[in-house]
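Can you read through this structure? Questions will come right after.
The values are calculated or read from the model by the stated rules, or taken from the named source; none is laboratory data. The structure displayed is predicted, hence computed values, not measured ones. Note that each Cβ is placed from the backbone with ideal geometry, even for glycine, and that neighbours are counted across all protein chains shown. The protein model used for the area step is the full one, side chains on, heavy atoms only, and it has no ligands, DNA or RNA in it. Shrake-Rupley method; radii C 1.70, N 1.55, O 1.52, S 1.80 Å.
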Amino acid sequence: VGGARVWRGALHPPPAPRPPIPDTRARHYTETDACLLTDGDGITAGTTAADVWQGMQDASRTTHARVSYGQVTGEQSVGNARPFLNGMLQRSCDVVLAVGRPEVTAASETAPHHGKIGFVLVGGGHAGGNVTTVRAGDGLRADVAAAVERAVRARG
């Protein structure tokens, strides 16, 4: 009987230890989307929108909200910004940030009609209800991160 065990062991060696499973680098997101509407410069380094984008990414690390941005191409006017903003609303953005005079104006005018969506307006607009305003300048990145975190929690 003892020999059979040895023989069987030789035919079926113990399984080799499995290598450790590497840490995943993919972030697990919630079903919350924060979207940034910018002027034609987008999130080019050195622009206000670049600082806002960094603040949104900081907030995403904390809240696990997905972040995206879109830039208004063509004429930089409120009328031309509206279709881009409407596209974000149709994509079910839960928090909408706007940077640039026409973009902020379009978002400010639209916000009262979309009470379930949080709006963060950079450098202008009127706060209240579902609208938060953030001043451009020093501390913008941190202020945006905090505003997005509050808006995500309020929507969650």
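Which sequence of Arg91, Arg141, Arg66 reflects their accessible areas, 1.4 Å probe, from the largest down?
Arg91, Arg141, Arg66
How do Asp51, Asp58 stack up against each other in accessible area, from largest to smallest, with a 1.4 angstrom probe?
If we order Asp51, Asp58 from most to least accessible, we get Asp51, Asp58.
Report relative contact order for the range 23-105 in percent, whole number only (criteria: Cα-Cα under 8 Å, sequence separation at least 6).
The value is 44 percent.
As I understand it, the dipole of the range 61-139 uses +1 on the Cβ of Lys and Arg and -1 on the Cβ of Asp and Glu, about the Cα centre. Which of Ala106, Leu89, Thr133 lies farthest toward its positive end?
Checked the options; the winner is Leu89.
Sort the range 65-144 into rounded, prolate or oblate with this rule: let a ≥ b ≥ c be the square roots of the eigenvalues of the Cα gyration tensor; rounded if a/c is under 1.5, and if a/c is not under 1.5, prolate when a/b is larger than b/c, oblate otherwise.
Judged from the Cα gyration tensor, the range 65-144 comes out rounded (a/c under 1.5).
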